[in-house]
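Just so it is clear, none of the values below were taken in a lab; they were calculated from the coordinates. Predicted, not measured: the structure shown is a model, and the values here were computed from it. Backbone-built Cβ (ideal geometry, glycine too); neighbour counts: all protein chains shown.
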Protein chains: 4
Amino acid sequence: MEAHLNMTGWVGTEVETRVTRAGQTTASFRLACTPRARRAGGEWGDLETSWLTVTCYRSLADNVRASVAKGDPVVVVGRLRTQAWVDADGQRQDRQVLEATAVGHDLTRGTAVFSRTERTVAEEEPDETLRDLILSVEADQASAPAPA
Amino acid sequence: MEAHLNMTGWVGTEVETRVTRAGQTTASFRLACTPRARRAGGEWGDLETSWLTVTCYRSLADNVRASVAKGDPVVVVGRLRTQAWVDADGQRQDRQVLEATAVGHDLTRGTAVFSRTERTVAEEEPDETLRDLILSVEADQASAPAPA
Amino acid sequence: MEAHLNMTGWVGTEVETRVTRAGQTTASFRLACTPRARRAGGEWGDLETSWLTVTCYRSLADNVRASVAKGDPVVVVGRLRTQAWVDADGQRQDRQVLEATAVGHDLTRGTAVFSRTERTVAEEEPDETLRDLILSVEADQASAPAPA
Amino acid sequence: MEAHLNMTGWVGTEVETRVTRAGQTTASFRLACTPRARRAGGEWGDLETSWLTVTCYRSLADNVRASVAKGDPVVVVGRLRTQAWVDADGQRQDRQVLEATAVGHDLTRGTAVFSRTERTVAEEEPDETLRDLILSVEADQASAPAPA
């Protein structure tokens, strides 16, 4: 079972970063997507805007923090995931998050100068490390104020 | 801009159908997705389950109602969209929905006997009709109780 | 790195099955996809048809063989992969294949009666077994006539 | 019907650009994708590399030419399409192409400095213009040597 999502849109907030208890960097931002569709008469129009929180881990988090600003057009690939936590009133809350496996500036809308960074071997071994990360993120969130 | 999502999982509720003011059928159900990943030791384990509401329009709504039951494994393709409405307390609410363009029983988990139905010409012209549909759905929702 | 593909279309051939040297069933068929797009005047038209070979393994192969016929509309999710082999003339050949992780009848175009089958534990552990399967398939193909 | 593909990988060739008879720029490059998977013992390994030709139109073509070099890691979103032509011997040939709707440098592997460019209104109206473009590209290819 999988929930595979790719999304193009505009970065609608500043990139927020945090360091989990396990010492890992995470970065997140809100992504706005306004699809266009052709109407019956043949002209184009905007559909309603959708918003989703994008979360990045490890080297992707570091590079997104260094490269992405509010207002940038981006393309994001990853998996959709429901994050759940208990808020200060003891109520269960959840939200949908796009856990990114890749993020890039959308070159339909501009140009980019790219600089490669070194990756450690651990970067190539995503799943169980990522899971540990996620669990520590959730532990953080369980006692934190509800996310925006 | 687009938000393209495909998801495999289990149908976690009965299929609910409604007829909009414009006389169109919509069908919706909750989809549960529990990814598996390999851990450091090599064994497999479940990740947390994600849940998402799937919405179907027109002939897809009719055929999903006739074919899909709670507990069925399905594959769904469509776009992720944020639906927003004002609740009875005047508060703005929103939720993420997978607007399906195709739904099928997942043949990794069983067999199916398929019967083709006739489609009208209008079925082939999705976008602006779909948009009108969506707007009428939203008008319905604005005055309805908040969805589960 | 990944190549994630989902495709809706018509099954253009009978489903062909084979048993690899390792005793595993594989099933394959050709999938035809004819997108529609709106033209400048507002009317809809067909774009050119694309064709791709879809390959299924293990229980998915068994269930596709039992359920899918030429002419059926299907939705397929999986990864795109280049298969390479040496033909009878010693020339390197390659083709693109959609290795399916899920296949279902497209309920926008008809109804289905679904029956769940049992899965073995091994079915839940895809990657390295799949890899072994692929290698044995390739070993078979290397000495076989070039695929259509 | 649709064939939606997203792919992360390495640019394996220089970006080639051409101007069609209709005066439009197209850019193309070969993309190499080497998935990793965990094996039975728990260690990670590379699967075989897949290769696909990526084609870009209009402003995306211009910006890819200005921004992307051989060896860059990229994320590409678009649709898979079969291009067919008749070669110099009168034989029908075809190949699979990823028609990109978005391309970006993969920020899991480095950082980027992005500069937004202006887009014309026409850029927002993709489908039928794109179709005309494609037909003119094909007319060019029909009389050209077979693509690599």
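Shown for B:Gly45: label points 7 Å from Cα along the beta-carbon vector, and their distances to the equivalent points in the other copies, 2.5, 5.1, 5.6 nm in ascending order. Among residues of chain B, the one whose beta-carbon sits closest to the B-to-C rotation axis is listed with its distance in Å as B:Gly104, 1.
Tell me the net charge near B:Ala102. Cut-off is 10 Å between Cβ atoms, B:Ala102 excluded, with +1 for each Lys or Arg and -1 for each Asp or Glu. Before the final figure, lay out each step's value.
Values: positive: C:Arg109; negative: C:Asp106, D:Glu2.
Local charge sum for B:Ala102: -1.
For D:Val113, the label point sits 7 Å beyond Cα toward Cβ; its separations from the matching points on the remaining copies run 0.3, 6.7, 6.7 nm, from shortest to longest.
For the peptide D:75-85, the mean number of other protein chain Cβ atoms found within 10 angstrom of a residue's Cβ is 6. The mean count of C-beta atoms from other chains within 10 Å of the C-beta of residues in D:8-16, rounded to a whole number, is 1.
Within 12 Å, Cβ to Cβ, of C:Ser67, how many net charges do the neighbouring residues add up to if Lys/Arg are +1 and Asp/Glu are -1? Could you put the intermediate results ahead of the total?
Values: positive: B:Arg109, C:Arg65; negative: B:Asp106, C:Asp62, C:Asp72.
Taking every Cβ under 12 Å from that of C:Ser67, the sum is -1.
Placing one equal scatterer on every Cα of the stretch B:4-109 and applying the Debye formula, the log10 ratio I(q)/I(0) at q = 0.16, 0.19 Å⁻¹ is -0.76, -0.98.
Dipole magnitude for the stretch D:4-109: about 220 debye, using +1 per Lys or Arg Cβ and -1 per Asp or Glu Cβ, origin at the Cα centre. The same position B:Gly71 in the other copies lies at 3.4, 5.6, 5.8 nm from this copy, comparing label points 7 Å beyond Cα toward the beta-carbon, shortest first.
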